[in-house]
Amino acid sequence: MTTPYTKPHLTYRAQLEQIKARGLIVDDEDSALWHIEKLGYYRLSGYFYPFRVLPPNMGSQPKRESNFVEGTSFSHISKLYKFDQALRLLAMGAVEKLEVALRAKVAYHMGGLDPCAHLNSDLVNQKFCATPAEKVGEARRPSNFATWVQQHDKLVARSREDFIQHFKTTYDPPIPLWVSIEVWDFGLLSHYFAGLRDKDKQLIASELGIPRHVLMASWLRTISHLRNICAHHSRLWNRSMVDSPKPPARNEVPLLEHLSGERNLFLRQHVYGAFAIIQFLLIAMGFDSTWKQAFVTLIEEFPRVEGVATLDAMGFPESWRDLALWN
């Protein structure tokens, strides 16, 4: 049951006084006011949350109290925010590498079958091309492939890239795959891969040392979800991943063995699982260790606060630095 929203609008100073009244230590009020003004109180509240007191006799889904854990200062909040900002930037850097490399790989393989493979319904799986069942009183819906083509066409039509404009003024449509794919976003790319015929997905996955194409399709969805979080500048560090990666079976992908099994579900449901998948794919695609080194350095600088802000909340296993994936 919902209730009317009655919280009043507060000035920056009133917002600062409110968190001080709740027990937050503010050593530098000018800095705190700057953060509130430039970032927004509501945005910062997501970083306040782990530092708020847990009630006694809490249930399975405890709601934290308004007061802060004793000893919490605004500097704890600002350090956590800056860490999260750096984490998002690193994530986007890795996604860019993977996105460009995957575009090239998909364009090379599928373009060899048909220069306009992305528009050829014979080169996608039957489920992707099937028309969804009608519901009572509902207009007939297009197939997932038809919807994908519509989204593709919108991206191409909106593009102001020189190479797209050059093609349009020089050649008749349609635009070949290896040209149009350069304006796809990661979501469109992920959906296209998922819609391919199993034999084509398996060929691409096998080239990357992934034994089952269903794993790769799942991992691309996870990375697309992670990218969307980062692109909207949302909190990332302790995020639960709605689209968590499908785990490999035992002895199937040695570098990701630690993600397998039900006991490691927490790793996969939080950002560690997504970053482990990213690191595996960077290795598989032949990138050097530059990103890994930057990631490890950042994680080792995580602003830990005992019992409040910990790597556990990100899904990191206790001895993650000993894993072959990170060495």
Long-range amide H partners of residue 52 with built H, under 5 Å: 69
Spatially proximal aspartates and glutamates relative to residue 168 (Cα-Cα < 18 Å; intrachain offsets below 8 disregarded): 153, 182
Nitroxide proxy distance, nm - points 7 Å out along Cα→Cβ at residue 89 and residue 38: 1.3 nm
Segment residue 304-residue 151, length gained on full extension (0.36 nm per residue, minus Cα span): 50.8 nm
Tensor-based shape of region 132-220 (alpha-carbon gyration tensor, a/c under 1.5 rounded, otherwise prolate or oblate): oblate
Prolate/oblate/rounded label for region 249-315 (Cα gyration tensor, a/c 1.5): oblate
Net charge of Cβ neighbours under 12 Å - reference residue 43; Lys, Arg +1; Asp, Glu -1: 0
Region 197-307 - Kirkwood radius from inverse mean 1/r over Cα pairs (Å): 15.0 Å
Candidate values (i) 0.95; (ii) 1.18; (iii) 1.01, label of the one derived for Cα Rg over 2.2 N^0.38 Å: (ii)
Region 180-229: C-alpha gyration tensor shape, a/c 1.5 cut-off, then a/b vs b/c: oblate
Listed residue pairs exceeding 32 Å between alpha carbons, taken from 63/246; 82/105; 82/201; 127/246; 79/105: 82/105; 82/201; 79/105
Nearest-0.05 FRET efficiency for residue 283 and residue 321, computed from C-beta distance (R0 22 Å): 0.85
Long-range amide H partners of residue 270 with built H, under 5 Å: 241
Relative contact order (percent, whole number), the chain, Cα cutoff 8 Å, 6+ residue spacing: 16 percent
Region 96-105 - phi-based ³J(HN,Hα) in whole Hz, Karplus 6.51/-1.76/1.60, Gly and Pro as x: 4, 4, 5, 4, 5, 5, 5, 3, 4, 5
Cα-based helix-to-principal-axis angle, 186-195 vs the chain, degrees rounded to 10: 50 degrees
Folded to 0 to 90 degrees: helix 213-231 orientation relative to the chain principal axis, Cα: 50 degrees
14 Å beta-carbon shell around residue 114, net charge (K/R +1, D/E -1): -1
Cut-off 13 Å between beta-carbons: net charge of the residues surrounding residue 20, Lys and Arg +1, Asp and Glu -1: -2
Label-zone membership for region 89-109, site residue 163, 7 angstrom Cα→C-beta point, backbone N under 11 Å: 104
GNM flexibility winner over the chain from 101, 14, 284 (Cα, springs under 10 Å): 14
The chain, helix-only ellipticity at 222 nm - DSSP H runs n ≥ 4, -39,500 (n - 2.57), divided by all residues, nearest 500: -16000 deg cm²/dmol
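Read the figures in this text as sums done on the coordinates, not as results from a lab. What you are looking at is a predicted structure, and each value in this text was computed from that prediction instead of being measured. Every residue, glycine as well, gets a Cβ built from its backbone with ideal geometry; the counts of neighbours run over all protein chains shown.
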